[in-house]
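What follows is a set of notes on a single structure, which appears directly below.
The values are calculated or read from the model by the stated rules, or taken from the named source; none is laboratory data. Quick caveat: nothing in here was measured; it's all calculated off a predicted structure. Cβ placement follows ideal geometry from the backbone for every residue including glycine, while neighbour counts extend to all protein chains displayed. Ligands, DNA and RNA are stripped out before the accessible areas are found, and what is left, the full protein with its side chains, is counted by its heavy atoms. Shrake-Rupley method; radii C 1.70, N 1.55, O 1.52, S 1.80 Å.
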Amino acid sequence: MDSNSRSRYTALLKEDWIKLGYLREDDPGLTKKLHPLFQHTNASRPRGAEHIWPQYKSEVEYDAMCAEMGTIFQMASNMLETSKSLDFLYQVANSPRKTSNTGSSNQGRPCKEFGWTEPPSKAMGRQMARVALRRLSRSLTFQIGDPEVNPAVQGSFGSTEATLEHFPEGVKMNDVSSKSGIASKITLNEDYILRLRELDAREGDTTSQRISLQLKMAITLCHEIAHALAYAVDGEILETFTREYDASIKALMEGREYQRRLIGTDEPFYRNETMAEIGYCWENQVFGGNVFWSGKTSDPLFVSKWPSFFTDAEFPRRGKEKRTARRYVVSLHFTRNMHRQGFWDSLVPGDSTALYIKKTIGIEYINPDEEALSMDSSQINWPRDESSSRVSRERDGQPIPDPSASRANETEEERRARELASEPRI
């Protein structure tokens, strides 16, 4: 019985459904206010660009969109402000880009790397990252896009593009520094919102599919925001876009045709990582890997080491991939905890492992590249089944410990037992 069915029985209370077993006690969901990034408007933005969501001119239209996307925005708001996320975003916003000794971009330019700047303190660095995210809300724009019209979101939940629209002089993340970066527009794939609607309308219990899709959408939102923050501090991209824009305007004034060239926005490597893609770096830092979804609502989410050969896009790389890679099923316990406000309220302060996903049962895949490096160490520690590609990291029936100090992977039964054990005895 889903929420739409329960809503027809207006005489019954939420507590009645809990007592009857149709609702979990923690199903009321998330209560955190939306981060300024996801709100409708920001008064500090330029006149004519006040709306973060320009498609929705009225509060009524925006509220209708939030009725479908609100849980996703709340989850993303929580994720962005976890300790590990803030530590990484501090580096994105404040660490200088230095030329890397290895690797080249797909534009043939030398690659850069970042991430070696120590903040004055952990607490101050995280606060500086919070400030950077709030400043980003002064220029970041969102839109919902039809993938048939916008190829950038075909096959993905969203994409981020740098833009001079409304911010021709660039944007600043720091009042002290004169360095400017470029504004961004994030386009969200309308197809995934339609899939949420289909799951809500479908008969039967679709809770697991719905919350899995919501989780993946929230993760991808944060993934794209990490890109937008990187653009907002990238002066080289601003200069390149400005030169291209000036050249097109000059051609227009002179009555000439001008063929705009495709501008590459290659990103730097994070520390010693072997692939340069800041959105995936954010996922890796926060979840301990890349969270993958096949695109089918019937399939679960998976988590895998990153970088690996699973990422087949043309991102700058240095070094070769391993001979094998594994995808582990993300348990529904983790997914439910991400939707439970009680979990977020009980995060261990400063926990840098808060959202690490427990890798228990998975599938091993062989790298098709014959020149791949030797086996991954996990092949030795947790060999796959002899008769299949199944991998289990449990030994002798003993479960592996939760990698999250905040118990992100705790089952409901484990939580109930822990809470019962902590209750004072009379």
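Numbers below:
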quantity	calculated
Residues of the stretch 172-225 that turn out to be over 30 Å from residue 94 (Cβ atoms) and assigned to a loop (DSSP other than H, G, I, E, B), as a count	5
Any pair with Cβ under 6 angstrom, 6 or more apart, that starts in the stretch 143-161 at a residue that is touching a residue at least 60 places away in the same chain (Cβ under 8 Å) and ends at one that is in a loop (DSSP other than H, G, I, E, B) and among the polar types (S, T, N, Q)	143/55
Residue 316 being under 25 Å from the mean Cα position of the chain (by Cα) and more than 28 Å from residue 73 (Cα to Cα)	yes
Filtered residue count, the stretch 392-411, keeping only those that are more than 19 Å from residue 356 (Cβ to Cβ) and either open to solvent by less than 90 Å² (accessible area, probe 1.4 Å) or in contact (Cβ under 8 Å) with a residue 12 or more places away in the chain (or both)	1
Residues satisfying the stated conditions in the stretch 245-271, i.e. without any contact (Cβ under 8 Å) to a residue 12 or more places away in the chain, part of a loop (DSSP other than H, G, I, E, B) and loosely packed, with under 11 Cβ neighbours inside 10 Å	254, 255, 256, 257, 259, 262
Entirely in the stretch 35-145, the helices (runs of 4 or more DSSP H) that have 3 or more residues that are closer than 19 Å to residue 220 by Cβ	59-80, 83-94
Within the stretch 299-350, considering residues that are in a loop (DSSP other than H, G, I, E, B) and aliphatic (A, V, I, L, M), the one surrounded by the fewest Cβ atoms within 10 Å (Cβ to Cβ)	313
Unique match (being farther than 25 Å from residue 127 by Cβ and buried (at least 20 other Cβ atoms within 10 Å of the Cβ)) among 163, 187	187
Candidates 274, 220, 242, filtered to the one that is of a type outside the set (D, E, K, R), open to solvent by 30 Å² or more (accessible area, probe 1.4 Å) and within 25 Å of residue 140 (Cβ to Cβ)	242
